[in-house]
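The values are calculated or read from the model by the stated rules, or taken from the named source; none is laboratory data. Everything quoted here is computed from the prediction, not taken from an experiment. Quick reminder, even Gly has a Cβ in these numbers, built from the backbone with ideal geometry, and neighbours come from all protein chains shown.
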Amino acid sequence: MDLSLMAILLLIGSFITYFVSRSNKKVGSYLTILITLFALMYVYILKNNIGLTYELFGVITFKVTYLGWYFSIIMATVYFSAAFFNPFWMEKFLYPSQYNLMYLLSFLGTIGLFFSNDLLTIFIFWEITVWTSTFIIPLGKSRKAGVMYFVISSIGSMGLLFTLMLMYNKVGTLEISKVFNMLANEPKLASIVFVMFILSGLTKMGIFPFHIWLPQAHGNAPNTFSPVLSGGLVKMGGFITFLSVGVFPAYEAFKDGLHIAGIPILIYIMMLLGAVSIIVGTLMAIKSEDAKKLLAYSSVANGGYILIGILLADQLGLAGGMMHMLNHAFASAASFLAIAVVAYKTNTTKISELGGMIHKMPVTYTVFLISIISLAGIPPMGGFVSKWLIIQALADKGLLLIAFAAFFGSIGSFLYVFRPLSAVFLGQVAERNENLTPPSNMMRVPMIFLAGLVLYFGVLPRGVLEIIGKIQASVGITPVELNGQAIMAVNGNLDALKVFVIFGFGFVLALLLFLAFKKPRKVDLMDTYTSAEFIYTKELYHYAHDFYAPFERLYGNHPSVEKWADQISYKVKEVGDLVNKVFFNFNPSLSILWITVLIVIIYLGGVII
């Protein structure tokens, strides 16, 4: 199977979908599903072509590697699953044909990025994804969210472009392996390249302080695209991060510099940013009033785990970071799809306006339960296995400060997991939602599929760890040691299958006790004692209001990067208004004045020269 042919077919397919969608919105969306299915199958077959290279248009070069295949199969699965929701939202989009076009082009950009063989190809497909995503996000609720996404992404783009130009000037080639290998013996140049290159990864993953775009973009993007943003596009940053320590000889280049706990200072600083992201993402998720923004901040925290695991670049840490990439992709996409169902039926994602959705959509609740407890790292889901590997690696290296952040995130995630579960799905149904109907089977299928993958990799992780082991071996790192389904580590072993059996036994026992004993009487929201006062607004009794108010007051006045960014943008706008007023107004005399001043400056400059 030719990878270049796949890229061309995806490109052609995206434009065919555009024209079909202009004639019939839903037919165009169904065609999008078929094209993403084709791409998923194509990527899966490419596993047989490991090591082969391909050329496109004489400029773009691809190489099939285990690394590229691993990222691509994750991305293709997320795009394919999310595409099932597109037909249901076509009436809500002002430009459905543009949405389908950009959706497939962004998919093409990610696949091209992961199979890139040189820095130019990386930059081209990175920009394809950034630009298409920028046009999709404003189709949701906010243009500001699209602008913020583009601005932060542009920082990463500039980092990639700077790396590309610097290394071509230095080496005369852009092939990734050749470019990075020569930096092993040039620590000063390696430091500059490392920082600029990994910067693009940090911005795309939403690592602190670049995390501000995630809640804006995820929270306001079309509900069909948020799963792709969180479950898919954020993983582009993980790919760049892997290249920064896996292919780029970072540890070797910095071996003679300052180290902290055996980690080169530059890499340690990046790991600290990951640790801060875990804490900030967890605390902000706990206080989020919107379900999509809560999940977005959860992505900030989980991005911190991924960054730390990959930067450890060792047997356990790298395996944990790479596996958490997969677990987070599927769990995050599934949870966003579940919230998309709720939004489709209720027209809101605000937690305090919901409740009792389990009675209307039990399958959606089950999917959300599985996915979000995986995000929190609770067994027997896949997120538990990958977080266990990362924390084991941190403990083995004695990185106590970062390990504390990882542990804090795991404990704090229990709080933000409980909030949407109890306030969105449990409790009583609001009057306005009494007549809701369950989602269609077409919505259920992708959610169940993704939730099933999350559970499967939490119970039987060996298959994915074997693939990760091949990626580790390809960059000279010892693969994680397996014994059957058990994962062998320095400080203990983990048999996920046994954990599942124990949890399954406990679940069955609890179910039997629940069925055996008398059930509580089901009451209406107002069937309660009100001290003879009449309650006009029943929703005020819904405990989603100020859910964690006592805990949130502990950090209510925390410093905020978001507020700082808003202040900067306001000042820039003021400067822009001033420039516009002085130079670009409709006063002819003022225009003549500035033209005269410009002519005088040019004349004096010529005289001086």
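Descriptive notes on the structure:
- Scan of region 1-29 for residues that are more than 25 Å from the chain's Cα centre (by Cα) and closer than 14 Å to Phe88 by Cα, ordered by number: Ser21, Asn24, Lys25, Lys26, Val27, Gly28
- Qualifying residue in region 58-77 (condition: modelled with pLDDT of 90 or more, assigned to a loop (DSSP other than H, G, I, E, B) and of a type in the set (Ser, Thr, Tyr)): yes
- Comparison of Ile269, Ile286, Ile279 shows that the only residue that is surrounded by fewer than 24 Cβ atoms within 10 Å (Cβ to Cβ) and without any contact (Cβ under 8 Å) to a residue 40 or more places away in the chain is Ile269.
- Only one of the numbered conditions (1) assigned to a helix (DSSP H, G or I); (2) crowded, with 22+ Cβ neighbours inside 10 Å is violated by Pro87, and that is (2).
- Answer from Ile372, Ile358 - the residue that is of a type in the set (A, V, I, L, M) and under 27 Å from Pro461 (Cβ atoms): Ile372
- Take the conditions (1) buried (at least 23 other Cβ atoms within 10 Å of the Cβ); (2) touching a His at 6+ places or on another chain (Cβ under 8 Å); Ile310 misses just one of them, which is (2).
One line per residue, one yes/no per condition, for (1) in contact with a helix residue (DSSP H, G or I) (Cβ under 8 Å, 6 or more places away or on another chain); (2) within 25 Å of Phe85 (Cα to Cα); (3) in the same structural domain as Val367 (by TED's automatic domain parsing); (4) among the hydroxyl-bearing types (Ser, Thr, Tyr):
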| position | (1), (2), (3), (4) |
| --- | --- |
| Ser440 | yes, yes, yes, yes |
| Ala451 | yes, yes, yes, no |
| Leu455 | yes, yes, yes, no |
| Val464 | yes, no, yes, no |
| Ile471 | yes, no, yes, no |
| Val475 | yes, no, yes, no |
| Thr478 | yes, no, yes, yes |
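- Matching entry among Tyr541, Tyr529 (being over 29 Å from Leu455 (Cα atoms), among the hydroxyl-bearing types (Ser, Thr, Tyr), at pLDDT below 80 and surrounded by 10 or more Cβ atoms within 10 Å (Cβ to Cβ)): Tyr541
- Single match in Phe88, Phe57, Phe71 (criterion: over 23 Å from Met443 (Cβ atoms), outside the structural domain of Pro446 (by TED's automatic domain parsing) and touching a residue at least 40 places away in the same chain (Cβ under 8 Å)): Phe71
- Note on region 118-144: residues that are touching a residue at least 24 places away in the same chain (Cβ under 8 Å) and either among the hydroxyl-bearing types (Ser, Thr, Tyr) or under 23 Å from Met90 (Cα atoms) (or both) amount to 13.
- The requirement of being within 27 Å of the chain's Cα centre (by Cα) and under 22 Å from Ile310 (Cβ atoms) is satisfied by Met205.
- Within region 145-159, the set of residues being among the hydroxyl-bearing types (Ser, Thr, Tyr) and free of Cβ contacts under 8 Å to residues at least 60 places away in the same chain comprises Ser154, Ser157.
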